[in-house]
Amino acid sequence: MISRSANAQANRIFLRACIGTAVVLPLLVALPHALTIYWQSVLVLFTINAVLLIGYRLITTMGGWSFAHISTAGLGAYTTAILTTIETPWSFWATFILGALIAGAFALLISYPVLRTRHYYFFLSTFAAGEALRQCYVQFSGITGGTYGISFIPRPEPILGLDFATSTGFYYIALALAVLVGLALYRFDLSRLGRTIKAVAANEELSESIGINTWALRTLPFVMGSVVAGAGGVLYGNFNGAINPLDFGTVLMFKLVAAAIVGGVTTFFGPLLGLLYLTALEEIFRDWAQWVPLFWGVSVVAVILLSEGGLEMVAIRLGRRARRWWAGRANRPPDGERTGSGR
């Protein structure tokens, strides 16, 4: 009975999320037409990073903070780069699916040794796995181009007359992926399986004692998040038109981790708030790019010390105060009535 009630509540929450997405979506579709070419590029990269971050948040729900996420995304980027630039090139759309699957297969391959670790050991083991993968991009130069990488990656072929060669056209691919992945993973987060994964992360020993397969429930989000990373990596490499191993190093990985910490991962929208904040910092201090990682780090420390839970908790508290204020105002009698009752 409790499970049925919880599922009904999850369906109502998800329905409200779908309605909210439908309301906001026309504004997001129209947004690039109000921007310059530069800001259109910023918008595309923000949307791609949002896809990567959505997948990363799913991994954090199992109780671990992976540092191999961006290197795994590189598998998707190199898949589309290699296969669309060979003598008989593949279609972008085929490489898109293949790149996501290869990233998921890599995550499944390393899941056994990596998921045996906990806490900071998990962080270090995923960092080692990610760096090993990035070194493969360097060492297998006959395939990956080594330190020079791969250039002249073609944009996706048109579909139904839609041209994806421009930033606006490519933005619509990234937006479609972000919306579809976001809604799918949000529903997964609300599902009984999603709730069970978070319960396992909270107390793995207790979960094992009542017969839950904790291994499977830790592996599933790790692989699913990596599949999303591979799909985001395909878009990242294709939009830039050129890739090299440095694109999938620690700077972008730290940006995702910082966005998750600054925004918070308790709710689904928290990491996106963090990404919006860090992207704003990046653009404000664009002329001092070497200082941007320092500002990101300071923001992480400030959130840890001053605002536990990140920006999402700040937004939630402000929302609760606004609702209480509005409820108090609605229940307050008009001035005339108060004066009359006093007499």
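The values are calculated or read from the model by the stated rules, or taken from the named source; none is laboratory data. Owing to the predicted nature of the structure, the values given are computational and were not obtained by experimental measurement. All Cβ positions, glycine included, derive from the backbone under ideal geometry; neighbour counts span all protein chains shown.
Quick test of your reading of the structure: Pro89 fulfils all but one of (1) out of contact with any Gly (no Cβ under 9 Å at 6 or more places or on another chain); (2) at pLDDT 95 or above. Name the failing condition by number.
For Pro89, the exception is condition (2).
With the requirement that a residue be at pLDDT 90 or above, surrounded by fewer than 22 Cβ atoms within 10 Å (Cβ to Cβ) and not aliphatic (A, V, I, L, M), what does the stretch 255-284 give you?
Selection gives Tyr277, Thr279, Glu282, Glu283.
Since Val181 meets every condition but one in (1) without any contact (Cβ under 8 Å) to a residue 60 or more places away in the chain; (2) within 18 Å of Leu58 (Cβ to Cβ); (3) not polar (S, T, N, Q), which condition does it not meet?
(1)
Residues being over 23 Å from Ala199 (Cβ atoms) and of a type in the set (Gly, Ala, Ser): count how many of those fall in the stretch 39-62. If you could, list the steps in order and put the result at the bottom.
Residues of the stretch 39-62 that are over 23 Å from Ala199 (Cβ atoms), as a first pass: 39-53.
Then drop every residue that is not of a type in the set (Gly, Ala, Ser), which leaves 41, 50.
Summing the residues that are over 23 Å from Ala199 (Cβ atoms) and of a type in the set (Gly, Ala, Ser) in the stretch 39-62 gives 2.
Please indicate, with yes or no, whether at least one residue in the stretch 37-58 is touching an Asp or Glu at 6+ places or on another chain (Cβ under 9 Å) and crowded, with 21+ Cβ neighbours inside 10 Å.
Checked the stretch 37-58: at least one residue is touching an Asp or Glu at 6+ places or on another chain (Cβ under 9 Å) and crowded, with 21+ Cβ neighbours inside 10 Å.
Modelled with pLDDT under 95, hydroxyl-bearing (Ser, Thr, Tyr) and crowded, with 21+ Cβ neighbours inside 10 Å: does that describe Ser66? Please lay out each step first, then the result.
On the way: modelled with pLDDT under 95: yes; hydroxyl-bearing (Ser, Thr, Tyr): yes; crowded, with 21+ Cβ neighbours inside 10 Å: yes.
So Ser66 passes the test.
Which of (1) in contact with a helix residue (DSSP H, G or I) (Cβ under 6 Å, 6 or more places away or on another chain); (2) in a helix (DSSP H, G or I); (3) not acidic (Asp, Glu) is the odd one out, the single condition Ala280 does not satisfy?
Going through (1) in contact with a helix residue (DSSP H, G or I) (Cβ under 6 Å, 6 or more places away or on another chain); (2) in a helix (DSSP H, G or I); (3) not acidic (Asp, Glu) one by one, Ala280 breaks only (1).
So which helices (runs of 4 or more DSSP H) are wholly in the stretch 186-246 and hold at least 3 residues that are under 18 Å from Leu133 (Cβ atoms)?
Details: elements: 192-202, 204-209, 214-240.
Of the helices (runs of 4 or more DSSP H) lying wholly inside the stretch 186-246, those with at least 3 residues that are under 18 Å from Leu133 (Cβ atoms) span 214-240.
Search the stretch 270-292 for residues that are acidic (Asp, Glu) and pair each with any residue that is assigned to a helix (DSSP H, G or I) and surrounded by 14 or more Cβ atoms within 10 Å (Cβ to Cβ) when their beta-carbon atoms are under 8 Å apart and the residues are at least 6 apart or on different chains.
Glu282/Val292; Glu283/Val42
Can Ile210 be described as more than 30 Å from Leu15 (Cα to Cα) and at pLDDT below 95? Reasoning before the result, please.
Values: more than 30 Å from Leu15 (Cα to Cα): yes; at pLDDT below 95: yes.
Yes, satisfied.
Among the residues of the stretch 31-62, which ones are among the aromatic types (Phe, Trp, Tyr) and assigned to a loop (DSSP other than H, G, I, E, B)?
We begin by selecting, within the stretch 31-62, every residue among the aromatic types (Phe, Trp, Tyr); these are 38-39, 46, 56.
Across the stretch 31-62, there are no qualifying residues.
Any idea which of (1) in a helix (DSSP H, G or I); (2) at pLDDT 90 or above is the one Phe152 doesn't satisfy?
Tallying (1) in a helix (DSSP H, G or I); (2) at pLDDT 90 or above, Phe152 fails exactly one: (1).
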